[in-house]
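J.: This is the structure I have questions about; it appears just below.
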Amino acid sequence: MSEAPLLSVVIPVYNEQAVLPEMYRRLTEVLEGMEESYEILLVNDGSRDRSLEIMIRLRKHDPRVSLVNLARNFGHQLAVTAGLDHARGRAVVIIDADLQDPPEVIPQMVALWREGYDVVYGQRQARAGESLFKKVSAAAFYRFLRRMTSVDIPVDTGDFRLISRRVVDAMGRLGEHHRFLRGMIAWLGFRQVALKYERAPRFAGQTKYPLRKMLRFAADATVSFSFLPLRAATALGFVVAAACLVYAGYAVWARLFAGVTVSGWTSLMVAVLFLGAVQLLSLGIIGEYLGRVYEEVKGRPLYVTDFVAQGPDDRALEGRDEPDRDERPPASP
Ligand code: UDP
Ligand code: MG
């Protein structure tokens, strides 16, 4: 058992008590049908429900389950990063806890890896059970990002993928805080291949990506992979300057030759407000970049772990009594 497994399956978990047992069951079924040795690496991202209890129990019953408990909620991308840092496999699969990515696809990923590919990314063909808004916004986002960046980030892919040890090690050297993993992996290069699959609806529970987090994520992706917004601010400056020049010419002409004293309160207001808006917008764009620069300069670790229980080492769990008591909520009177 102390030997490193061939395959690591990294699962970020945030408040997933409703899906964990089923996830474990389906994943184990798939993995046991394969010949590779494996570990299931659960990363608890500061869950506030009973996920941690469930994970500790899984770990105690199955030593192939490893557990990284983060000190608080660091967010999906950092939870996956923590998983990659701790994974010991020659190949690592990243998969969501909610069973939207079917574990049944993993053997095909492993087969492609055996053929020599370093990255096998899942590409969604269909997204069942997601709102029209999510589908449309996601489709638009991936296409927008493609135009904005020089890195060839494949469309309609999430983080569900297999990556080889070389890629995991290379990822370990990318220390940025605002992470867009799928973009970073695309940036690395190596031999990449798509594997089409159908994205299922969430098995249970609710999405952990409300609109606010989705927008953050989109901003992170754009800013980390593109200078275009900064350039857009410059371009906007030129356009406005040109327009102003034309108008100034007209104003002078009207005063000197047409004898018109400019009477326009309206035009004045429009110009002032418009310029103010353009300036604030540009400042905001600079701020987006500057804030991230500041974050990087602080040089903090990407995440902090509370404890790690992995392989044969169970010391971290000592003293944590198995919370096997009564699981059901007390019956209401
Ligand atoms: N997740 C996480 N930390 C967070 C938010 C989400 O570890 O702060 C995990 C979550 O448990 C799930 C995965 O990231 O395994 C994807 O989240 P979710 O399914 O809610 O996102 P969606 O599929 O709706 O985009
Ligand atoms: Mg999901």
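Condition check ((1) under 30 Å from ARG59 (Cβ atoms); (2) in a helix (DSSP H, G or I)) across all residues:
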{"residue": "SER263", "(1), (2)": "no, no"}
{"residue": "SER267", "(1), (2)": "no, yes"}
{"residue": "PHE274", "(1), (2)": "no, yes"}
{"residue": "ALA277", "(1), (2)": "no, yes"}
{"residue": "ILE285", "(1), (2)": "no, yes"}
{"residue": "GLU295", "(1), (2)": "no, yes"}
{"residue": "ARG300", "(1), (2)": "yes, no"}
{"residue": "TYR303", "(1), (2)": "yes, no"}
{"residue": "PHE307", "(1), (2)": "yes, no"}
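J.: Go through the stretch 50-72 and give me each residue that's closer than 13 Å to GLU16 by Cα and either away from ligand 2 (no atom under 16 Å from the Cβ) or modelled with pLDDT of 95 or more (or both).
T.: Taking the stretch 50-72 first, the residues closer than 13 Å to GLU16 by Cα are 50-55.
Listed by number, the residues that qualify are ARG50, LEU52, GLU53, ILE54, MET55.
J.: Restricting to the stretch 141-159, give me the number of residues that are of a type outside the set (A, V, I, L, M, F, W, C), buried (at least 16 other Cβ atoms within 10 Å of the Cβ) and either closer than 13 Å to THR222 by Cβ or free of Cβ contacts under 8 Å to residues at least 24 places away in the same chain (or both).
T.: Number of matching residues: 2.
J.: Out of the stretch 114-126, which residues are away from ligand 1 (no atom under 13 Å from the Cβ) and either under 21 Å from the mean Cα position of the chain (by Cα) or in contact (Cβ under 8 Å) with a residue 60 or more places away in the chain (or both)?
T.: So the first thing to find is which residues in the stretch 114-126 are away from ligand 1 (no atom under 13 Å from the Cβ), and the list is 114-121, 123, 125-126.
Listed by number, the residues that qualify are GLY116, TYR117, ASP118, VAL119, VAL120, TYR121, GLN123, GLN125, ALA126.
J.: Return the residues of the stretch 271-285 that are surrounded by fewer than 13 Cβ atoms within 10 Å (Cβ to Cβ) and of a type in the set (Val, Ile, Thr); say none if nothing qualifies.
T.: The one that is surrounded by fewer than 13 Cβ atoms within 10 Å (Cβ to Cβ) and of a type in the set (Val, Ile, Thr): VAL272.
J.: Right, next: Name the residue that is surrounded by the fewest Cβ atoms within 10 Å (Cβ to Cβ), counting only residues in the stretch 1-42 that are away from ligand 2 (no atom under 14 Å from the Cβ) and of a type in the set (Gly, Ala, Ser).
T.: SER2
J.: Filter the stretch 149-180 for residues that are within 29 Å of PRO229 (Cα to Cα) and either of a type in the set (Gly, Ala, Ser) or touching a Pro at 6+ places or on another chain (Cβ under 8 Å) (or both) and give the result. If you could, list the steps in order and put the result at the bottom.
T.: Residues of the stretch 149-180 that are within 29 Å of PRO229 (Cα to Cα), as a first pass: 149-160, 170-180.
Scanning the stretch 149-180 gives SER150, GLY158, ALA170, GLY172, GLY175.
J.: Being more than 8 Å from ligand 1 (Cβ to nearest atom), in contact with a Phe, Trp or Tyr (Cβ under 9 Å, 6 or more places away or on another chain) and part of a loop (DSSP other than H, G, I, E, B) is the filter here; which residues of the stretch 73-89 pass it?
T.: Across the stretch 73-89, the qualifying residue is only GLY89.
J.: Looking only at the stretch 200-231, which residues are within 13 Å of ligand 1 (Cβ to nearest atom), under 23 Å from PHE74 (Cα atoms) and of a type outside the set (A, V, I, L, M, F, W, C)?
T.: ARG202, GLY205, GLN206, THR207, LYS208, TYR209, PRO210, ARG212, LYS213, ARG216
J.: Could you say which residue among ALA138, ALA111, ALA97 is among the aliphatic types (A, V, I, L, M), buried (at least 16 other Cβ atoms within 10 Å of the Cβ) and without any contact (Cβ under 8 Å) to a residue 60 or more places away in the chain?
T.: From the options ALA138, ALA111, ALA97, the qualifying one is ALA138.
J.: Where the second residue is near ligand 1 (Cβ under 10 Å from one of its atoms) and among the hydrophobic types (A, V, I, L, M, F, W, C) and the first is closer than 15 Å to ALA138 by Cβ and lies in the stretch 196-218, which pairs have Cβ atoms under 8 Å and are six or more apart or on separate chains?
T.: ARG202/VAL19; ARG202/LEU99; TYR209/PHE217
J.: Out of the stretch 151-188, which residues are under 24 Å from LEU6 (Cβ atoms) and part of a loop (DSSP other than H, G, I, E, B)?
T.: GLY172, ARG173 - these are the residues of the stretch 151-188 that are under 24 Å from LEU6 (Cβ atoms) and part of a loop (DSSP other than H, G, I, E, B).
J.: Which one of these is in a loop (DSSP other than H, G, I, E, B) and not polar (S, T, N, Q): PRO12, PRO5?
T.: Being in a loop (DSSP other than H, G, I, E, B) and not polar (S, T, N, Q) holds for just one of PRO12, PRO5, which is PRO5.
J.: For the list (1) within 16 Å of ligand 1 (Cβ to nearest atom); (2) under 18 Å from the mean Cα position of the chain (by Cα); (3) closer than 22 Å to VAL10 by Cβ, I need the number of the one condition that ARG50 fails.
T.: (2)
J.: Going residue by residue through the stretch 37-59, is there one that turns out to be within 28 Å of PHE190 (Cβ to Cβ), in contact (Cβ under 8 Å) with a residue 60 or more places away in the chain and among the hydrophobic types (A, V, I, L, M, F, W, C)? Steps first, answer last, please.
T.: Here is the first cut: in the stretch 37-59, the residues within 28 Å of PHE190 (Cβ to Cβ) are 37-43, 45.
Restricting the remaining residues to those that are in contact (Cβ under 8 Å) with a residue 60 or more places away in the chain gives 39, 41.
Now narrow it down to the ones that are among the hydrophobic types (A, V, I, L, M, F, W, C): 41.
The answer is yes; a qualifying residue exists.
J.: Now for a separate question. Among the aliphatic types (A, V, I, L, M), exposed (fewer than 12 other Cβ atoms within 10 Å of the Cβ) and under 30 Å from ILE95 (Cβ atoms): which single residue out of LEU211, LEU268, LEU245 fits that description? Write out each step before concluding.
T.: Numbers: LEU268 fails: under 30 Å from ILE95 (Cβ atoms); LEU245 fails: under 30 Å from ILE95 (Cβ atoms).
Selected residue: LEU211, the only one of LEU211, LEU268, LEU245 that is among the aliphatic types (A, V, I, L, M), exposed (fewer than 12 other Cβ atoms within 10 Å of the Cβ) and under 30 Å from ILE95 (Cβ atoms).
The values are calculated or read from the model by the stated rules, or taken from the named source; none is laboratory data. Fair warning: this is a prediction, and the values are worked out from it, not measured in the lab. As a convention, Cβ positions derive from the backbone with ideal geometry for all residues, glycine included, and neighbour counts pool all protein chains shown.
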